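Novice: Handing you a structure now.
The values are calculated or read from the model by the stated rules, or taken from the named source; none is laboratory data. In this text the structure is predicted, and so the values were computed from the model without any measurement. Cβ sites come from the backbone with ideal geometry, for glycine too, and all protein chains shown count toward neighbours. SASA here: full protein model, heavy atoms, side chains in, ligands and nucleic acids out. Shrake-Rupley method; radii C 1.70, N 1.55, O 1.52, S 1.80 Å.
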Amino acid sequence: MLTFSHPPLVWIIGTLVGAAVAWWAYARPGGNLSRPRRILLAVLRGLALGLVAFLLAGPLVKRFAPQETPATVAILADDSRSVGVLDSLAGRTFARQIDAFAANLGGPARFDRARFDRTFSPVTTLADLRFRGVRTDLALALARAADRNAGRNLQAVVVFTDGRATTGRDPLAVAQTLGVPVFPVMLGDTTRAARAQRRDVAVEALLANRSVAGGSTQPVEVRVTAEGFAGQSATVSLSVNGAAVASKSVVLPPDGGLASVALDYTPPSSGAVALVASVSRLAGEATYVNNTLGRTVDVKSERLKVLLLAGAPDPDVAVVRDALEADAGFEVTVRVQKAPGQFYDGGGVSPATFDVAMLVGFPGPASDPALVAQIADAPRLGVVFVPTTRTDAARLAPLTSVLAASPGVLGAPQPLALAPAGSSHPALEGVPHLDALGALPPLPVASATVSDGGRVLWRTASGAPALVVERRGPRGTAVLLAGGLWAWRSLPPSQEAYKTLVPTLLPRLVRFAAPTDAGTGLIASASAEAYGPDEAAAFSATATDEAGRPLNGASVDVELNGPGGARHLAMQPMGEGRFGLTVPDLPPGLYRWRATAGGVAGAASGAFRVDGANESGGSVVSEELRRIGPDAGMLRTLAEATGGDVYTLATLDSLKRRLETSPQFRPALVTRDEAVPLGDRWPFFVLVVALLAAEWTLRRRWGLV
């Protein structure tokens, strides 16, 4: 097919002009030149000029060229410390076996190699694995492998790992977007003999409020797990900023079980606190690194006054109450409707004296319409709404002018998903596992009419709104249309990590709804509460106006206090009212930060810790080594969800034969459009020269030169 890089009109006009010039040059009779000879000369010159015009128009011939693209298989190797412990128990053979497998693969496929921990590094050989990474981001590795091989006929991903992902997104959610099978090769085995070799005692979890009020006694729960030490005694201790404050003896549980120890401490009046829980070392453990676990606590003095109003008793009331009361930045007052004018938790309240009203199934059948009107008429009262089966939609009508959406009654359970606006909205800043909403149990969702200024952050699988927020003037509103939140707090062990979503989401929505002095707001957070010795601290922030729209002209500053004194840093604008900051090479220690923005009301603060290079009990390293041994269930789920299979180092020969011989990994025939330019082809220039030379030769012979 013939096309032109310049408009064809160039060629047409050039051809017509050339023909006109040629005709004008030879149309007049002259000398003894006959008419046929004049016509011949005019044709020769016209053809030459027309061909020049044709070439100047940039002619292209498009043709469809079949091209064979070899299949690509991405081979990823986990280079983290959790694999390193298993490697040491196996005689340090993992790197040699992985490299031998990758180096000896044959067949028609192309093999792309990379190593990963919290980062992703393409390599030409896997012989240099050292298993020293302090975090494992399996989701990042899968996503980067797909991006790197886009357009290369990627047909499969082979990943050598123990399945212990300690940071990043949900690997299963990312794997399901690849469109190719994932073949996990499980490092370490699950036999009885192997488990006996991995005898270990570890602090599984340190449960403590991340934000507390200074001077008040705070409870702490330490969970200890053990393999191979059932029935033996150990001591669990708690230290605050390096000073021991409490300890208790515990009888270690059977293999795979948990022992829980309750302790408490009293934080200082303000500042940052480093909590470290430890369990005594026992002879024969595979590692002592996970015998300690730390948390960073921010001690606050300022508190938001939150009114929790429930229309009737409901399981979700306890879920919401626990989430709010766990945040020391809130002063929570609870009122659960018992009968008209009566509450289980006390007497009447005046909503206008609070900063935010958290309405859980409120108003209910017994709620006072006058109290509903007071909420609607309080101009500086932020409102967060969570539906229950006892919500009275008729009594809710006065609040429709205030809420971001007008909800109806709860309907059938539906899976939820993050809406496009939710990926960057400040109301969800710092909320974990948002990309895994679809993997959580479906929740009953109420139908709703979204207000003109409402922003839909969550949606159902059918596209209906599930979480809507809006800011009007000094106050914000958030309407969660999904009920039955208790189901997300009672998840099976395989989804244990997702239990943090609701306790993080609800306080975040309260802070979004809180009134601001200038009708604008700032939300900021650090990317982690602990960083390894080679990691940079990272901050993100969002500045919005009274309608929740991004403020691109704002400037955001961070004051960072820690070892070496105070540092004042400016965050970099990233567009859409978002700001970012990376601070590398921080000395080990405890840090407290506070973010402010010029012309924007409010501030954000928090604390984090930087572990030292030789700090075996650091928070980051301890989390990486919390469980020693492969997560066989996770790897099996990953393979089944993508159409792959799980292999081990002992079955690598079977995987090798599959990759080398399966028709799935044969080259693909791809038809590509190919544009061939004609303007630089020599025959056309030869033809132009030949036409002009023929004209000149005839003119000379016929006496015109």
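Novice: Considering THR166, THR125, which residue is open to solvent by 20 Å² or more (accessible area, probe 1.4 Å) and more than 20 Å from the chain's Cα centre (by Cα)? So that I can check it myself, show each step before the final result.
Specialist: Values: THR166 fails: more than 20 Å from the chain's Cα centre (by Cα).
On inspection, the qualifying residue turns out to be THR125.
Novice: Additional query: Which residues, counting only those in region 406-451, are part of a strand (DSSP E or B) and either among the aromatic types (Phe, Trp, Tyr) or closer than 24 Å to GLY577 by Cα (or both)? Full working, then the answer.
Specialist: Just the residues of region 406-451 that are part of a strand (DSSP E or B), to begin with: 406-414, 416-418, 443-450.
If the condition is that a residue be part of a strand (DSSP E or B) and either among the aromatic types (Phe, Trp, Tyr) or closer than 24 Å to GLY577 by Cα (or both), then ALA417, LEU418, VAL450 are the ones that fit.
Novice: Of the conditions (1) under 35 Å from the mean Cα position of the chain (by Cα); (2) outside any strand (DSSP E or B), LEU293 fails just one. Which one is it?
Specialist: (2)
Novice: If you don't mind, another one. Could you check, for region 277-290, whether at least one of its residues is more than 25 Å from ASP611 (Cβ to Cβ), in contact with a Lys or Arg (Cβ under 6 Å, 6 or more places away or on another chain), in contact (Cβ under 8 Å) with a residue 24 or more places away in the chain and not acidic (Asp, Glu)?
Specialist: Step one: of region 277-290, the residues more than 25 Å from ASP611 (Cβ to Cβ) are 283-284.
Next, only the ones that are in contact with a Lys or Arg (Cβ under 6 Å, 6 or more places away or on another chain) stay: 284.
Subsequent filtering for residues that are in contact (Cβ under 8 Å) with a residue 24 or more places away in the chain retains 284.
So of that shortlist, the ones also not acidic (Asp, Glu) come out as 284.
Yes: one or more hits.
Novice: Next question. For ARG295, all conditions in the list (1) touching a helix residue (DSSP H, G or I) at 6+ places or on another chain (Cβ under 8 Å); (2) free of Cβ contacts under 8 Å to residues at least 24 places away in the same chain; (3) of a type in the set (D, E, K, R) hold save one; what is the number of the exception?
Specialist: Just one mismatch for ARG295, condition (2).
Novice: Please give the number of the condition PRO503 fails out of (1) at pLDDT 85 or above; (2) more than 16 Å from MET574 (Cβ to Cβ); (3) open to solvent by less than 20 Å² (accessible area, probe 1.4 Å); (4) within 22 Å of the chain's Cα centre (by Cα).
Specialist: That leaves (3) as the condition not met.
Novice: Could you say which residue among ASP327, ASP255, ASP314 is within 28 Å of the chain's Cα centre (by Cα) and among the charged types (D, E, K, R)? Quick ask: steps written out before the conclusion?
Specialist: Details: ASP255 fails: within 28 Å of the chain's Cα centre (by Cα); ASP314 fails: within 28 Å of the chain's Cα centre (by Cα).
Only one candidate passes the filter, namely ASP327.
Novice: Right, here's the next one. For residues that are in contact (Cβ under 8 Å) with a residue 40 or more places away in the chain and over 21 Å from GLU624 (Cβ atoms), tally how many sit in region 112-145. If you could, list the steps in order and put the result at the bottom.
Specialist: The first filter runs over region 112-145 and keeps only residues in contact (Cβ under 8 Å) with a residue 40 or more places away in the chain, leaving 112, 114, 116, 118, 126, 129-136, 138, 141-142, 145.
From what's left, over 21 Å from GLU624 (Cβ atoms): 112, 145.
Final tally of qualifying residues: 2.
Novice: From the list SER490, SER525, which one is free of Cβ contacts under 8 Å to residues at least 12 places away in the same chain and either hydroxyl-bearing (Ser, Thr, Tyr) or open to solvent by less than 10 Å² (accessible area, probe 1.4 Å) (or both)?
Specialist: Details: SER525 fails: free of Cβ contacts under 8 Å to residues at least 12 places away in the same chain.
Selected residue: SER490, the only one of SER490, SER525 that is free of Cβ contacts under 8 Å to residues at least 12 places away in the same chain and either hydroxyl-bearing (Ser, Thr, Tyr) or open to solvent by less than 10 Å² (accessible area, probe 1.4 Å) (or both).
Novice: Right, something else. Kindly indicate whether any position in region 142-154 is farther than 25 Å from ALA100 by Cα, of a type in the set (D, E, K, R), touching a helix residue (DSSP H, G or I) at 6+ places or on another chain (Cβ under 7 Å) and surrounded by fewer than 24 Cβ atoms within 10 Å (Cβ to Cβ).
Specialist: The answer is no; no qualifying residue exists.
Listed here are the residues, each with its yes/no results for (1) open to solvent by 20 Å² or more (accessible area, probe 1.4 Å); (2) under 19 Å from THR477 (Cβ atoms).
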{"site": "GLY532", "(1), (2)": "no, no"}
{"site": "THR544", "(1), (2)": "no, yes"}
{"site": "ARG549", "(1), (2)": "yes, yes"}
{"site": "GLY553", "(1), (2)": "yes, no"}
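Novice: Can we say PRO171 is surrounded by 15 or more Cβ atoms within 10 Å (Cβ to Cβ) and at pLDDT 90 or above? Reasoning before the result, please.
Specialist: Numbers: surrounded by 15 or more Cβ atoms within 10 Å (Cβ to Cβ): yes; at pLDDT 90 or above: yes.
Yes; evaluated as a whole, the condition is true for this residue.
Novice: Moving on. Against the condition open to solvent by 40 Å² or more (accessible area, probe 1.4 Å), at pLDDT 85 or above and of a type in the set (A, V, I, L, M), how does VAL445 come out, does it pass?
Specialist: Spelling it out, it is not the case that VAL445 is open to solvent by 40 Å² or more (accessible area, probe 1.4 Å), at pLDDT 85 or above and of a type in the set (A, V, I, L, M).
Novice: Out of the residues in region 620-661 that are part of a helix (DSSP H, G or I) and of a type in the set (Lys, Arg), which is surrounded by the fewest Cβ atoms within 10 Å (Cβ to Cβ)? Even if it seems obvious, please write down each step before you answer.
Specialist: Step one: of region 620-661, the residues part of a helix (DSSP H, G or I) are 620-624, 632-642, 649-661.
Subsequent filtering for residues that are of a type in the set (Lys, Arg) retains 636, 656-658.
Values: ARG636: 15, LYS656: 17, ARG657: 11, ARG658: 16.
Only one residue tops the list, namely ARG657.
Novice: While we're here: Being open to solvent by 50 Å² or more (accessible area, probe 1.4 Å) and in a loop (DSSP other than H, G, I, E, B) is the filter; apply it to region 668-700 and report the residue that is modelled with the highest pLDDT.
Specialist: Ranking the candidates gives ARG681 first.
Novice: Of the numbered conditions (1) touching a residue at least 60 places away in the same chain (Cβ under 8 Å); (2) within 29 Å of VAL372 (Cα to Cα); (3) touching a Phe, Trp or Tyr at 6+ places or on another chain (Cβ under 8 Å); (4) among the hydrophobic types (A, V, I, L, M, F, W, C), LEU410 satisfies every one except a single condition; which is it?
Specialist: Answer for LEU410: the failing condition is (3).
Novice: Another question, then. Looking at region 83-107 only, could you name the residues that are loosely packed, with under 13 Cβ neighbours inside 10 Å and modelled with pLDDT under 85?
Specialist: GLY106 - this is the single residue of region 83-107 that is loosely packed, with under 13 Cβ neighbours inside 10 Å and modelled with pLDDT under 85.
Novice: Now for a different question. What residue, of VAL52, VAL61, is surrounded by 16 or more Cβ atoms within 10 Å (Cβ to Cβ) and of a type in the set (Val, Ile, Thr)? Even if it seems obvious, please write down each step before you answer.
Specialist: Working: VAL61 fails: surrounded by 16 or more Cβ atoms within 10 Å (Cβ to Cβ).
One residue alone meets the criteria, VAL52.
Novice: Quickly run through region 372-405 and pick out the residues that are closer than 18 Å to ARG335 by Cα, open to solvent by 50 Å² or more (accessible area, probe 1.4 Å) and outside any loop (DSSP other than H, G, I, E, B).
Specialist: GLN374
Novice: Filter region 586-600 down to the residues that are at pLDDT 85 or above and part of a loop (DSSP other than H, G, I, E, B) and list them by number.
Specialist: Across region 586-600, the qualifying residues are LEU586, PRO587, PRO588.
Condition check ((1) in contact with a strand residue (DSSP E or B) (Cβ under 9 Å, 6 or more places away or on another chain); (2) surrounded by fewer than 24 Cβ atoms within 10 Å (Cβ to Cβ); (3) among the charged types (D, E, K, R); (4) at pLDDT 90 or above) across all residues:
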site	(1), (2), (3), (4)
ALA274	yes, yes, no, no
VAL299	yes, yes, no, no
ARG303	yes, yes, yes, no
GLN342	no, yes, no, no
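Novice: For region 541-555, which residues satisfy the criterion of being under 20 Å from GLY606 (Cα atoms) and either at pLDDT 90 or above or in a loop (DSSP other than H, G, I, E, B) (or both)?
Specialist: SER555
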